[in-house]
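Reading through the structure tokens given below for one structure.
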Amino acid sequence: MKSNRQKEQPLAYRMAPRTLDEFVGQEHILGSGKMLRRMIEADRLSSIILYGPPGTGKTSLARVIANTTQVGYQKLNAVIAGVADIKRIISDTQNPLLNPTGRTVLFIDEIHRFNKAQQDALLPQVEDGTLILIGATTENPFFEVNKALISRSTVFQMHPLAEADIRQIVQMALEDQERGLGQYPIRIDQPSLDLICNMSNGDARIALNALELAAVTTPPEADGTILINQAVLEDCMQKRSIAFDHDGESHYDNISAFIKSMRGSDPDATAFYLARALHGGEDIEFLARRILICAAEDVGLANPQMLSLAMAAYQGVMSVGMPEARIILAEAALAIATSPKSNSAIKAIDSAMQDVASRRTGEVPLHLRNAPVPGMADLGYAQGYKYAHDYPRHIVDQEYLPEEIRGTIYFEPSSNGYEGRIKEWIDQRRAHKTAKDQAKSKNST
């Protein structure tokens with residue numbers, strides 16, 4: 001029989017695995033013969049950091065370790081714990097009366113929330129083995145956890161659960177008389193099971209919470225059974241879960257994939273990652289800015305009108321907001337994805353900036369300088385300058401670069417789109433200039 005306390009606990013908490021044999025999923029680190037499983041079974045655990053999205057079993061695995069280890073076990077939540085809590089646990093661990101083993105497994109949930117000082121407070125005892133750290137985080141620990149702590153731990157990445165894993169967990173909850181919903185006369189068909197497994201997106205907690213809500217809020221049928229169908233589950237889940245945090249690593253992963261899909265001319269992937277960002281609550285101004293940058297960086301002069309289109313999209317997004325902004329964002333992003341591409345502009349400016357920063361580039365030639373004050377012309381300012389519009393085709397041959405970098409080429413246009421026409425023009429222009437320079441050099445000798 002369940003205690004009143006157990007009845008009040010969420011189903012996801014009650015169904016947490018108690019042993020490794022009850023643990024479902026994460027076979028890549030907990031399968032038979034895998035290092036982490038061997039460490040737990042032998043009770044020879046060293047410090048580890050469990051990294052993965054919510055609902056993948058990080059806290060559950062810590063509970064399994066707590067149930068199996070023979071050394072002390074303590075748990076902290078980084079949101080509310082501080083250095084004083086760490087010092088207390090260290091003191092208790094080093095007290096032979098309180099802890100004869102002299103060691104403690106310390107589980108810290110959301111370890112990325114600890115600041116540098118709090119993480120540093122763990123280092124000496126993690127180093128000497130007094131504390132066996134189990135850190136759990138949804139953020140990439142290589143960005144959010146001190147390098148010193150990372151170097152003293154083994155990082156294990158946990159993946160979203162497969163639909164088969166979610167189905168197994170849900171089935172266990174439906175059948176378990178002690179901790180699950182086995183005492184309820186629940187009837188659920190296969191399509192409904194498929195729906196809950198699909199919509200939870202690899203998060204067991206979401207699946208179990210939706211199942212429990214459906215079970216306790218659905219009125220019984222005439223025969224006393226509780227019928228859980230697709231309509232009930234859709235109402236309980238409301239919105240499909242996705243592993244997206246617009247302030248965390250998934251934000252950077254998703255925007256990276258969005259930009260690379262536009263750059264790679266894949267309109268379907270572009271639409272998908274844009275939809276994923278919007279579904280996750282991404283800032284629409286941020287998305288519009290990234291589209292604008294992509295128009296300049298990746299489309300460039302292959303289709304120079306795309307920059308104007310992206311700028312218009314940015315202004316439109318800021319004017320109308322959601323939900324209509326999704327249409328403007330989609331139009332601009334798909335236009336970029338299906339446009340000819342060239343990165344010649346960014347290569348040109350980056351190459352020139354590298355020269356400016358790292359080599360002697362000389363001064364602006366005197367003939368290109370203005371002479372606004374009487375007497376400057378006597379020093380050579382503006383002397384010999386040729387006004388381009390006075391010459392055929394409004395082009396004149398004269399040197400524009402400083403002598404030190406004369407002849408350097410920064411802009412190398414591609415043959416893509418409109419830039420192909422630019423390439424033809426500039427190739428002719430450079431060939432003509434080279435021929436004149438060679439003729440001038442020959443005459444001078």
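Taking the chain as the reference, fit the longest principal axis to its C-alpha atoms, fit the long axis of helix 419-444 to the helix C-alpha atoms, and give the angle between the two in degrees, 0 to 90, nearest 10.
Helix 419-444 and the main axis of the chain meet at about 40 degrees.
Lys/Arg Cβ at +1, Asp/Glu Cβ at -1, dipole of the chain taken about the Cα centre: which of Asn146, Thr361, Pro340 is farthest positive-ward?
The residue sitting most towards the positive pole is Thr361.
What does the charge dipole of the chain about its Cα centre add up to, to the nearest 20 debye, if the Cβ of each Lys and Arg holds +1 and the Cβ of each Asp and Glu holds -1?
Charge dipole, the chain, about its Cα centre: 1120 debye, nearest 20.
How big is the gap, in Å, between the Cα center of the range 167-211 and the Cα center of the range 296-364?
48 Å
Among rounded, prolate and oblate, which fits the range 163-237 when a ≥ b ≥ c are the square roots of the eigenvalues of its C-alpha gyration tensor, a/c under 1.5 means rounded, and a/b larger than b/c means prolate?
In terms of gyration-tensor shape, oblate.
Quick check on the exposure proxy: order Tyr73, Tyr252, Tyr51, Tyr387 from fewest to most C-beta atoms within 10 angstrom.
Tyr387, Tyr252, Tyr73, Tyr51
Summarise the long-distance tail of P(r) for the range 249-337 by giving the % of C-alpha pairs beyond 20 Å.
That fraction is 24 percent.
Scale the Cα Rg of the range 316-435 by the rule-of-thumb value 2.2 N^0.38 Å and send over the ratio, two decimals.
Working it through for the range 316-435, the quotient is 1.55.
Can you give the net charge of the other residues whose Cβ lies under 14 Å from the Cβ of Ser339, counting K and R as +1 and D and E as -1?
Surrounding charge for Ser339 is -3.
Could you bin all the Cα-Cα distances of the chain into 10 Å bins starting at 0 and give me the percent of pairs in each, rounded to whole numbers?
4, 14, 17, 17, 16, 11, 8, 6, 4, 1, 0
Evaluate the relative contact order of the chain (contact order divided by residue number), counting alpha-carbon pairs under 8 angstrom at least 6 apart; express in whole percent.
Relative CO of the chain lands at 11 percent.
For a quick check, take a GNM of the chain with Cα springs below 10 Å and name the residue from Met39, Met376, Met237 with the largest mean-square fluctuation.
Of Met39, Met376, Met237, the most mobile in the Gaussian network model is Met376.
Rounded to a whole number, what is D in µm²/s for the range 26-157 from Stokes-Einstein with the Kirkwood radius over alpha-carbon pairs (37 °C, 0.692 mPa s)?
Estimated via Stokes-Einstein, D reaches 222 µm²/s.
For helix 344-358, what angle does its Cα long axis make with the longest principal axis of the chain, in degrees from 0 to 90 and rounded to 10?
Between the helix axis and the principal axis of the chain, the angle is about 80 degrees.
Could you state the angle between the C-alpha long axis of helix 190-199 and the longest principal axis of the C-alpha atoms of the chain, as a value from 0 to 90 degrees rounded to the nearest 10?
Here the helix axis deviates by roughly 50 degrees.
Please get the size of the charge dipole for the range 280-423, origin at its Cα centre, with Cβ charges of +1 on Lys and Arg and -1 on Asp and Glu, quoted in debye to the nearest 20.
240 debye
Using the scaling law 2.2 N^0.38 Å as the reference, what is the normalised Cα Rg of the range 1-96?
Output field value: 1.23.
Can you return the aspartates and glutamates within cross-link range of Lys116? Criterion is Cα-Cα under 13 Å, with same-chain partners fewer than 8 residues away left out.
Result set, ordered by chain and number: Glu144.
Projecting each Cα onto the charge dipole of the chain (Lys/Arg +1, Asp/Glu -1 at the beta carbon, about the Cα centre), which of Ala231, Pro267, Ser60 comes out farthest on the positive side?
So the residue furthest toward the plus end is Pro267.
Using the crude model of +1 on Lys and Arg Cβ and -1 on Asp and Glu Cβ, and no other charge, please compute the dipole size for the range 163-237 relative to its Cα centre, in debye to 20.
I would put it at about 100 debye.
Please work out, to two decimal places, the log10 of the ratio I(q)/I(0) at q = 0.23 Å⁻¹ from a Debye calculation in which every Cα of the range 126-202 carries one identical scatterer.
For the requested q values the scattering log ratios are -1.02.
Between beta-carbons, use under 14 Å as the cut-off and find the net charge around Glu175, counting Lys and Arg +1, Asp and Glu -1.
+1
Rule-based calculations on the coordinates, nothing more; no lab input. Since we're looking at a predicted model, the values are computed, not measured. Here Cβ is always computed from backbone atoms with ideal geometry, including for glycine, and neighbour counts include all displayed protein chains.
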